[in-house]
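J.: Let me give you the structure first, and then I'll get to my questions.
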Amino acid sequence: MEASISPKEVKEKGLLIIYTGEGKGKTSAALGMVYRTLGWNKKAAVIQFIKGKWITGDRKFAATLPQLSFSTMGEGFTWESQDLNIDKKAAQSAWEKAKELIKSGEYFLLVLDEITYTVHHDFLPLTDIVSTLQNRPKDLTVVLTGRDAPKELIDMADLVTEMKKVKHPFDQGVPAKQGVDF
Ligand code: ATP
Ligand code: MG
């Protein structure tokens with residue numbers, strides 16, 4: 001640690017957190033921290049880089065919390081077409097929103113849910129994500145979720161947890177469950 005950093009700065013330093021891996025719990029762990037942040041009357045934001053076609057408990061509850069900014073990629077887009085360019089444009093517009101929230105300096109916690117998916121599909125340049133995160137406000141904690149987190153992001157993160165599947169009911173043919181999975 002650099003000698004020039006005061007204990008107060010260390011305490012207030014925002015973290016870069018990554019939840020990755022094949023097991024369940026990545027998005028729910030990130031949302032658990034949103035819950036804690038709001039409990040301390042600090043501002044939190046979530047951007048989901050997934051198509052928001054299905055209603056989820058996450059989004060329903062978020063709609064009741066004015067202090068939480070919650071958006072899902074593709075609001076205002078038509079997904080009927082299988083055109084990959086539409087996915088790309090939606091991902092880019094969600095990323096522009098993320099950059100605005102980062103720049104605003106208003107937030108304590110920002111969750112970029114499933115952002116790894118946009119990198120694997122070449123929707124967003126990894127270099128832009130890396131530099132934006134490096135240049136974020138010092139006290140902003142950012143949580144990235146998604147399978148197969150790129151090495152460049154893992155290298156720069158302060159905390160990385162890889163969820164490991166030991167069992168999942170899906171393997172026994174049990175479908176996704178309200179309140180547990182969505
Ligand atoms: P959650 O949102 O429940 O925290 P997650 O973010 O870790 O899960 P994702 O990869 O985003 O997992 O997948 C979302 C959905 O897929 C959830 O409904 C989850 O239960 C399910 N899921 C997660 N891991 C597995 C797995 N290993 N096998 C089958 N389904 C899974
Ligand atoms: Mg998830």
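J.: Among 126, 159, 174, which residue has its Cα positioned farthest towards the positive end of the charge dipole of the range 118-177, with +1 placed on the Cβ of Lys and Arg, -1 on the Cβ of Asp and Glu, and the dipole taken about the Cα centre?
T.: The one lying farthest along the dipole's positive direction is 174.
J.: Apply the Kirkwood formula to the range 11-115: the hydrodynamic radius equals the inverse of the mean of 1/r over all pairs of different alpha-carbon atoms; give it in Å with one decimal.
T.: After inverting the mean inverse Cα-Cα distance, the result is 14.7 Å.
J.: Among the listed pairs 8/164; 60/99; 138/165, which have their C-alpha atoms separated by more than 32 angstrom in this model?
T.: Beyond 32 Å between Cα atoms: 8/164; 138/165.
J.: Whole Å is fine, so just give me how far the alpha carbon centre of the range 25-60 lies from that of the range 118-174.
T.: If you average the Cα positions of each part, the centres end up 15 Å apart.
J.: Right, another one. Figure the gain on full extension for residue 83 and residue 148 (residue separation times 0.36 nm, minus the Cα-Cα span) and round it to one decimal in nm.
T.: Length gained, residue 83 through residue 148: 21.0 nm.
J.: Report relative contact order for the range 13-164 in percent, whole number only (criteria: Cα-Cα under 8 Å, sequence separation at least 6).
T.: It rounds to 44 percent for the range 13-164.
J.: Let me ask something additional. What are the chymotrypsin sites (Phe, Trp or Tyr not before Pro) within the range 1-55 that DSSP puts in a loop, where the Cβ has at most 14 other Cβ atoms within 10 Å?
T.: Those that pass, being in a loop and sparsely packed, are 40, 54.
J.: Which of 64, 132, 161 ends up with the largest GNM mean-square fluctuation for the chain, with Cα atoms connected below 10 Å?
T.: 64
J.: For 33, 73, what's the fewest-to-most ordering of other Cβ within 10 Å of each Cβ?
T.: Lowest count first: 33, 73.
J.: State the extension gain, in nm to one decimal, for the chain segment bounded by residue 138 and residue 51, taking 0.36 nm per residue of separation less the distance between their alpha-carbons.
T.: 28.3 nm
J.: Of the candidates 69, 93, 131, which one comes out as most mobile in a Gaussian network treatment of the chain with C-alpha springs shorter than 10 Å?
T.: 131
J.: Based on Cα coordinates alone, diagonalise the gyration tensor for the range 97-177, multiply each eigenvalue by 5, take square roots, and list the semi-axes in whole Å, largest first.
T.: Working from the Cα gyration tensor, I get semi-axes of 28, 15, 13 Å.
J.: Where the eigenvalues come from the Cα gyration tensor of the chain, what are the semi-axes √(5λ) of the equivalent ellipsoid, largest first, in whole Å?
T.: 26, 20, 18
Read-outs throughout are calculated quantities, based only on the coordinates presented, and are distinct from any laboratory measurement. Computed from a predicted structure; not experimentally measured. Cβ sites come from the backbone with ideal geometry, for glycine too, and all protein chains shown count toward neighbours.
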